[in-house]
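The values are calculated or read from the model by the stated rules, or taken from the named source; none is laboratory data. Given the structure is predicted, the values throughout are model-derived calculations rather than measurements. No Cβ is skipped: glycine too gets one built from the backbone with ideal geometry, and neighbour counts run over all protein chains shown.
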């Protein structure tokens, strides 16, 4: 196994360790070695150069640790499946690192590092990786069918890697939404071995199939055997949200962040749920954590700043004088950050303006506040981009006494952000419709859709999207309407620097609606094009779309 | 969560132990480097006692840490382990010992690598203490269990060990300077390895292929 052609990145804050690792790698024959001293630099380096081997210390001072860097680069696709990531840990932190089930490094090297240990471990890790090179190449090519085939071949030819091949296969199937197939693999593994990743995988399958009680039992038993498996807490919280038990969800996530305080997405999720529960202290704390942790990372999002602003409003009204002053300063800073860092994100800008008005109102400057809110409405139209923004708009208008007479219907708080969009798309079930009614509706929808196309062609994408969404909310909406909706959404998403998870979830749902219908060749082509755009936006893994439904099933 | 003073004391002790263990670890490396510098043979009579004492120190510190951890309950991190690789790692950890390994290259099993490694390290240490000079590690699957045998060419286990239960630490052992700590913890670790209704366990006998003692681990 040669090191000569490997592009190597060393992530190590300790100068002496860095030098000694570098010297060792050179002795192994590596010629192309870069080093960085922290996670931020590592991510920048990985953006520029596709490394074959990354060696990272787990403990890296105050910034991200090696596990977090791994999670970020795998999550955002900065490192291909074929590239090797090795974590160097002290024996006593091993246990800490071992908790992560989802993003595991290709191998560990435990300190103290000596030439012999590093050499033999690295050779072993690279050899092992080499065995999986066909599978990983197919994954990197996004050729799921081939990757699955390669997994099967591995099981046949190299029985000692069978369990690991099953693990990859089940995950691929899950991401391709073939939940039954994924579930049966996980079950098969769980029956013969007690393996945490398989149990968690099985719980995920049960969750998407809405078998919540079985999933909860499984997750709780997993946590009982190892309370460090924080990913189990995440899934449990999701399930509680789906079951409209946001208080339980919050409790679970509070436990999770206590065990693993450095995960941005978890802090952010906790903040959102605490806000929903009106638990402002917890929300503010989580928002602050998420902001600090996400600086200079792919998770930097306006959401956390807005969350902080919302959670501090209460203190503006009921807090001590000191609270009021401090909160006002903090709110101002957060809003400024949203304006400065996310100018493209219209929903965030609208929310920031609304929050600014609300803040003034809560500080007793009602008139000024109302004026800003009206300005915001004028500036961004009454175009509502996502459910969260829409809800905040209604709340703000209500709070400052500007309730929109057109929207007298009070919106019920949706218990879960992820299902809110589902609710707007669902059918109105007020008894069976007569054929005439259906026909009238169809014509109406057609008109709305046509109006949308007009606006879209004039470049008024946001307004167009609103019309398309209205048209698509009909369950009998034509395929072209759904395609239009998706196209408008994707155009807007492409303009943003940070795409919100909910926007992916929305698109994902529309794609699923398309996949459930028979479509002609032209629509299929259009759908495929849109899927390419969607995938290029880097959706999170659980929202990946199957390549396409007709040459995937064999 | 509240932290009592006792918890804090325990934490401080644990972190001091960690430090001490690291020191011992480094000491071993420094000794190696020193030996290399002076071109000493690995069986140099002046070198070996230092190395042995250092190994033993490291071993004892590891044991105490294990005991501390077991007090908090074992958190198993089970993984799919390829036995051939696992044994190779163990050989690498004990470069100065005649340690032979036998296993089917395709044999895999699911267990907590770190904890089982600990049991085997302890077994090796005890064998060396009993003047064994050669060991064999052997793994095979028998029925639903993975069996790992650790054979040595020492004097074998004393008669009372063969029938004894290691479910509890006994104070009488302490007086004899044989703590039984290693086997007690081995027992705990093996039992923590449970799959469905089967638990792990171990057996001691003197039917070693090398004429000494044999420790067999049974993992479900």
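With respect to the conditions (1) buried (at least 16 other Cβ atoms within 10 Å of the Cβ); (2) assigned to a helix (DSSP H, G or I); (3) within 11 Å of chain A (Cβ to nearest Cβ), residue B:75 lacks only one, and its number is (2).
Looking at the structure I just gave you, is residue B:142 over 16 Å from residue B:88 (Cα atoms), within 11 Å of chain A (Cβ to nearest Cβ) and modelled with pLDDT of 90 or more? Let's see the steps before the verdict.
Numbers: over 16 Å from residue B:88 (Cα atoms): yes; within 11 Å of chain A (Cβ to nearest Cβ): no; modelled with pLDDT of 90 or more: yes.
Against the criterion (over 16 Å from residue B:88 (Cα atoms), within 11 Å of chain A (Cβ to nearest Cβ) and modelled with pLDDT of 90 or more), residue B:142 does not qualify.
Of the residues A:135, A:125, which is touching a strand residue (DSSP E or B) at 6+ places or on another chain (Cβ under 6 Å) and farther than 18 Å from residue A:546 by Cβ? Selected residue: A:125, the only one of A:135, A:125 that is touching a strand residue (DSSP E or B) at 6+ places or on another chain (Cβ under 6 Å) and farther than 18 Å from residue A:546 by Cβ. Region A:205-297 holds helices (runs of 4 or more DSSP H) entirely within its bounds, and those carrying 1 or more residues that are without any contact (Cβ under 8 Å) to a residue 24 or more places away in the chain and within 14 Å of chain B (Cβ to nearest Cβ) map to A:212-225, A:246-259.
Could you list all residues from region B:185-201 that are closer than 26 Å to residue B:64 by Cβ, in a strand (DSSP E or B) and touching a residue at least 24 places away in the same chain (Cβ under 8 Å)?
B:194
The residues of region A:491-505 that are more than 17 Å from residue A:303 (Cα to Cα) and under 17 Å from the mean Cα position of the chain (by Cα) amount to a single one, A:494. Can you name the residue in region B:78-106 that is in contact with a strand residue (DSSP E or B) (Cβ under 6 Å, 6 or more places away or on another chain) and in a loop (DSSP other than H, G, I, E, B) and is also farthest from residue B:184 (Cα to Cα) among such residues? That would be B:103. Scanning region B:5-22 for residues that are free of Cβ contacts under 8 Å to residues at least 40 places away in the same chain and more than 23 Å from the chain's Cα centre (by Cα), we see that the one that is nearest to the other protein chains (Cβ to nearest Cβ) is B:11.
Take region A:141-168 and flag every residue that is within 14 Å of chain B (Cβ to nearest Cβ) and under 28 Å from the mean Cα position of the chain (by Cα).
Within region A:141-168, the subset within 14 Å of chain B (Cβ to nearest Cβ) is A:154-168.
Passing the criteria: A:163, A:164, A:165, A:166, A:167, A:168.
Suppose the filter is part of a helix (DSSP H, G or I), out of contact with any helix residue (DSSP H, G or I) (no Cβ under 9 Å at 6 or more places or on another chain) and buried (at least 16 other Cβ atoms within 10 Å of the Cβ); does residue A:13 pass it? Here the answer is no, as residue A:13 does not meet what is asked.
On the stretch given as region A:54-89, residues that are surrounded by fewer than 18 Cβ atoms within 10 Å (Cβ to Cβ) and within 14 Å of another protein chain (Cβ to nearest Cβ) total 1.
Taken over region A:113-130, the residue count meeting the criterion of being farther than 19 Å from residue A:9 by Cβ and within 9 Å of chain B (Cβ to nearest Cβ) is 6.
Do you know which residues across region A:60-101 are in a helix (DSSP H, G or I) and modelled with pLDDT of 85 or more? Please lay out each step first, then the result.
Applying the first criterion (in a helix (DSSP H, G or I)) to region A:60-101 yields A:66-75, A:91-97.
Those that are in a helix (DSSP H, G or I) and modelled with pLDDT of 85 or more: A:66, A:67, A:68, A:69, A:70, A:71, A:72, A:73, A:74.
Selection within region A:529-554: residues that are surrounded by 12 or more Cβ atoms within 10 Å (Cβ to Cβ) and over 19 Å from the mean Cα position of the chain (by Cα). The member of this set that is modelled with the lowest pLDDT is A:552. Checking the structure you have, find out if any residue of region B:23-46 is within 14 Å of chain A (Cβ to nearest Cβ) and under 27 Å from residue B:187 (Cβ atoms). Checking region B:23-46: at least one residue is within 14 Å of chain A (Cβ to nearest Cβ) and under 27 Å from residue B:187 (Cβ atoms).
Would you confirm, using the coordinates I've provided, whether residue A:452 is modelled with pLDDT of 70 or more and within 20 Å of residue A:510 (Cα to Cα)? So residue A:452 passes the test.
Answer yes if at least one residue in region B:94-109 is within 11 Å of chain A (Cβ to nearest Cβ), buried (at least 19 other Cβ atoms within 10 Å of the Cβ), in contact (Cβ under 8 Å) with a residue 60 or more places away in the chain and touching a helix residue (DSSP H, G or I) at 6+ places or on another chain (Cβ under 9 Å), and no otherwise. Among the residues of region B:94-109, at least one is within 11 Å of chain A (Cβ to nearest Cβ), buried (at least 19 other Cβ atoms within 10 Å of the Cβ), in contact (Cβ under 8 Å) with a residue 60 or more places away in the chain and touching a helix residue (DSSP H, G or I) at 6+ places or on another chain (Cβ under 9 Å), which makes the answer yes.
For residue A:40, the conditions (1) under 27 Å from residue B:88 (Cβ atoms); (2) out of contact with any strand residue (DSSP E or B) (no Cβ under 6 Å at 6 or more places or on another chain); (3) modelled with pLDDT of 85 or more; (4) surrounded by fewer than 20 Cβ atoms within 10 Å (Cβ to Cβ) are fulfilled apart from (1). So is residue B:135 at pLDDT 90 or above and either surrounded by fewer than 18 Cβ atoms within 10 Å (Cβ to Cβ) or not in a loop (DSSP other than H, G, I, E, B) (or both) or not? Yes: the conditions hold for residue B:135.
Scanning region A:119-140 for residues that are over 27 Å from residue A:230 (Cα atoms) and within 22 Å of the chain's Cα centre (by Cα) turns up at least one hit.
Remark: residue B:17 matches the filter, which requires a residue to be farther than 26 Å from residue B:133 by Cα, at pLDDT 80 or above and crowded, with 16+ Cβ neighbours inside 10 Å.
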